[in-house]
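Chemist: I'd like to ask you about the structure that follows.
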Amino acid sequence: MQRHDEVWKRAALVRTYLQGIRGGIPFGSEQIEMMLRVIEARGTLVRSFADLGCGGGALTQALLARYPEAHATLVDFSEPMLAAARTQLAAHRPAPHLVIADLATPAWCDAIGGRTPFDAVVSGYAIHHLPDARKQTLYGEIFDLLAPGGMFINIEHVASRTPWIEAVSDELMIDSLFVFHTQQKGGKRRDQVAAEYVHRPDKAANILAPVEAQCEWLRAHGYEDVDCYFKVFELAVFGGRKPPA
């Protein structure tokens with residue numbers, strides 16, 4: 001199967017995403033707040049966590065702000081993404097552990113070394129680049145790396161039920177990105193935003209799956225308290241807990 005996600009190894013695309021898209025994702029702050037709320041509801045401190053497909057490190061930054069003494073492991077297969085995360089987190093102590101590894105193969109588990117088990121594993125807009133069969137297997141690998149009671153939260157781009165809903169979702173994304181760009185010097189027109197950031201060539205890398213199906217995959221692996229905790233069209237926060245010992 002031809003892989004389209006290799007485009008994320010290109011520095012230019014990484015810059016486009018981090019500078020022109022990530023900050024304009026609709027309800028981006030609410031998604032992160034929901035992630036933190038669900039993890040905090042476990043009732044115990046997060047001492048160690050992993051951020052899979054970490055990108056520029058936005059989820060790690062949020063977790064470390066809440067749990068500053070936690071040991072963070074960031075995984076990505078894109079050197080430019082890891083470089084951006086390294087810059088963002090350079091001053092934090094204990095220093096986060098950054099790992100170049102590809103979630104498309106089970107070898108990523110070996111690449112993180114002896115840093116498991118994790119109290120939490122999070123991912124943001126990364127796993128949807130994997131084929132559905134690999135998504136399901138990855139969820140099982142994550143389950144095995146969690147400590148008893150550990151939480152997996154995925155902030156993710158998921159499939160719409162109909163083309164009409166997909167079109168409405170795209171319009172929300174365009175509007176949100178347009179507002180984001182109008183707040184910057186030399187902001188783009190709405191039609192430019194639509195052309196450059198939504199109807200863009202790298203969308204071929206998206207392999208979207210319904211959130212309902214992905215929750216069922218989690219349950220099949222043994223996760224408890226599985227649910228979609230927050231959803232706006234194609235943007236979802238879902239996950240589950242490994243049963244306590």
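The values are calculated or read from the model by the stated rules, or taken from the named source; none is laboratory data. Computed from a predicted model, the values in this text were never measured in an experiment. Positions of Cβ are generated from backbone atoms using ideal geometry, with glycine treated the same way; all protein chains shown enter the neighbour counts. Note: areas computed on protein heavy atoms with side chains; ligands, DNA, RNA excluded. Shrake-Rupley method; radii C 1.70, N 1.55, O 1.52, S 1.80 Å.
Chemist: I'd like the full set of residues that are surrounded by fewer than 22 Cβ atoms within 10 Å (Cβ to Cβ) and charged (D, E, K, R), limited to the range 112-130.
Modeler: R115
Chemist: Only one residue in V168, V211 is at pLDDT 95 or above, β-branched (V, I, T) and under 18 Å from Q31 (Cβ atoms), so which one is that?
Modeler: The conditions single out V211.
Chemist: Sort out which residues of the range 49-66 are open to solvent by 20 Å² or more (accessible area, probe 1.4 Å) and either among the β-branched types (V, I, T) or over 15 Å from the mean Cα position of the chain (by Cα) (or both), and write them in order of number.
Modeler: Correct list: A65, R66.
Chemist: Same structure, new question: Within the range 94-112, can one find any residue that is of a type in the set (F, W, Y) and either in contact (Cβ under 8 Å) with a residue 60 or more places away in the chain or assigned to a loop (DSSP other than H, G, I, E, B) (or both)?
Modeler: No; the residues of the range 94-112 include none that is of a type in the set (F, W, Y) and either in contact (Cβ under 8 Å) with a residue 60 or more places away in the chain or assigned to a loop (DSSP other than H, G, I, E, B) (or both).
Chemist: A follow-up question, please. What residue, of K242, K135, K231, is within 18 Å of Q31 (Cα to Cα) and of a type in the set (K, R)?
Modeler: K231
Chemist: Among the listed residues V7, V38, which satisfies the condition of being open to solvent by 20 Å² or more (accessible area, probe 1.4 Å), modelled with pLDDT of 95 or more and under 18 Å from the mean Cα position of the chain (by Cα)?
Modeler: Being open to solvent by 20 Å² or more (accessible area, probe 1.4 Å), modelled with pLDDT of 95 or more and under 18 Å from the mean Cα position of the chain (by Cα) holds for just one of V7, V38, which is V38.
Chemist: For F77, all conditions in the list (1) under 19 Å from H157 (Cβ atoms); (2) modelled with pLDDT of 95 or more; (3) of a type in the set (A, V, I, L, M, F, W, C) hold save one; what is the number of the exception?
Modeler: (2)
Chemist: Within the range 140-245, which strands (runs of 3 or more DSSP E) (wholly inside it) include 2 or more residues that are open to solvent by 30 Å² or more (accessible area, probe 1.4 Å)?
Modeler: 146-157, 224-232
Chemist: If we scan the range 93-103, do we find a residue that is more than 22 Å from M151 (Cβ to Cβ) and in contact with a Phe, Trp or Tyr (Cβ under 9 Å, 6 or more places away or on another chain)?
Modeler: Yes, because at least one residue in the range 93-103 is more than 22 Å from M151 (Cβ to Cβ) and in contact with a Phe, Trp or Tyr (Cβ under 9 Å, 6 or more places away or on another chain).
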